[in-house]
Every structure is written in structure tokens, then in C-alpha cells.
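Below is one structure, written out as C-alpha cells; comments come after it.
The values are calculated or read from the model by the stated rules, or taken from the named source; none is laboratory data. This is a predicted model, so every value here is computed, not measured. All Cβ positions, glycine included, derive from the backbone under ideal geometry; neighbour counts span all protein chains shown.
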């Protein structure tokens, strides 16, 4: 129960990495707030959390489900207000939601598709920072984890993936700036690169590869737990989830 009593918000929690992290956090004792666009997907994650608890022979508080489109900044603000009213703080933010965007020559990307990719992958994370910072500071041991990609360090080799590559490079810059602003506070902020895992988004990005050659998302949840613990002192880093268990420093 390494996260016992911690309030954790996980975005993109209806499937893939977000759902796996939500289940692991709940198993570690966290009270989870799950955000995603699809109500059905959120309910499936909550059902899985309750089934995990039943198998383990323990009670688990139902997840707080927040259906929203993260591209709508006002919805993010309302979610933060609701968390403040219900819990008074936020101990862990997992900013996992994202989209791959169009895969085509940069000059052929439709402006609407570009703007949607930027809104989901970059601007939504800025709005989460803006809305959740007071709640994370109120925790006293606030931890924020943003999901990045190796593409951010290989953008020059990312032909036909401009939207995704550019937004991940920009996300890393945004999070590093925010981390620098909190060198002297109790808030710890990091970026986590999960690497290739068996998710729908990864299959969309690499349709020619057999998904079964990649591990399931559960393999990266240990790194998310380690970075969410109150004892974790790592800050302002980019961590590769499949190369390290991200132990506290």
C-alpha cells in the first residue's frame, strides 16, 4: 500500500497506460480520480479496480469518474474545483492523455488536425498545471508525472509525424520550466517515457508492427508508483520507464 490515502488524478484513464496506472494506484491504496472522454471506458476501468479489490479480498472506494475532453480548458478548471471541494488537495497528477495525430507530410496536415493535436498534447497539460498547482502544493508531498516519448529526442528522424513530435518536444520544455519554478517547494515534477507498449495508440503509430511483440502497459506501472510516492525526491528528470524502476533519490 505504497500510495495509501493519496488522492491521484489520472488522465486518459479509460484504456491503455492510463487504465493500467489507475488500477495499480488503486491496488497501492490511492483514491483515484479518472478523467477521459468516454464514459464507458471510465466505467470499465472502475469495474476492473473493483474486481481487483474483490480478488485481493479488500474493500476499494469507487473511483471518481470525470468524463471530459481535455481540449476544453474550462472543463479542466471545473474538474480542479470539484477536486478541491471534495478532497481539499491533490497528491498525484498523472498527465497521461494524448493523441498521435495525423501521419502525413507536414505541409499536408489540415490546420484543424494540427490544432487538435496541439490542444490535447500540449495546451491541455498547461491547463492541468495551471489548475492543479494549488492542489498539489496543498498536499505537501505533491507529485506530478507527465507522459512523454522518445520521439522528443529524435524529432529529426520523425518524418510524417510532425504534430506528435513537436508537441512532445514542447511538452518536455514546458514541464522542465515548471519543475525549475518548484526547486524550492515540496512539489516534485518529472517526465516519464513508457517506451513501446501494447496500446491502441502505439498500434496506430506503427501499424506494420505486431502488437504482441510489445509488453502490456502493466510493465511500466512500477515507475509511475515510484514517482508518486511521498518519499520520491526525483525532480525535473526525463525517466525511461522500461529501463529503470525509478527508485526515490
In a loop (DSSP other than H, G, I, E, B), free of Cβ contacts under 8 Å to residues at least 60 places away in the same chain and surrounded by 19 or more Cβ atoms within 10 Å (Cβ to Cβ): which single residue out of 22, 71, 97, 13 fits that description? 71
Taking the condition of being surrounded by fewer than 24 Cβ atoms within 10 Å (Cβ to Cβ) and either assigned to a loop (DSSP other than H, G, I, E, B) or in contact (Cβ under 8 Å) with a residue 40 or more places away in the chain (or both), how many residues in the range 25-45 meet it? 5
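So which helices (runs of 4 or more DSSP H) are wholly in the range 153-249 and hold at least 3 residues that are surrounded by 14 or more Cβ atoms within 10 Å (Cβ to Cβ) and at pLDDT below 80?
Hits in the range 153-249: 200-205.
Table: residues versus (1) under 17 Å from residue 129 (Cα atoms); (2) touching a helix residue (DSSP H, G or I) at 6+ places or on another chain (Cβ under 9 Å).
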position: 6; (1), (2): no, yes
position: 11; (1), (2): yes, yes
position: 23; (1), (2): no, yes
position: 51; (1), (2): no, no
position: 54; (1), (2): no, no
When residues of the range 124-152 are limited to those that are crowded, with 18+ Cβ neighbours inside 10 Å and over 23 Å from residue 185 (Cα atoms), the one nearest to the chain's Cα centre (by Cα): 148
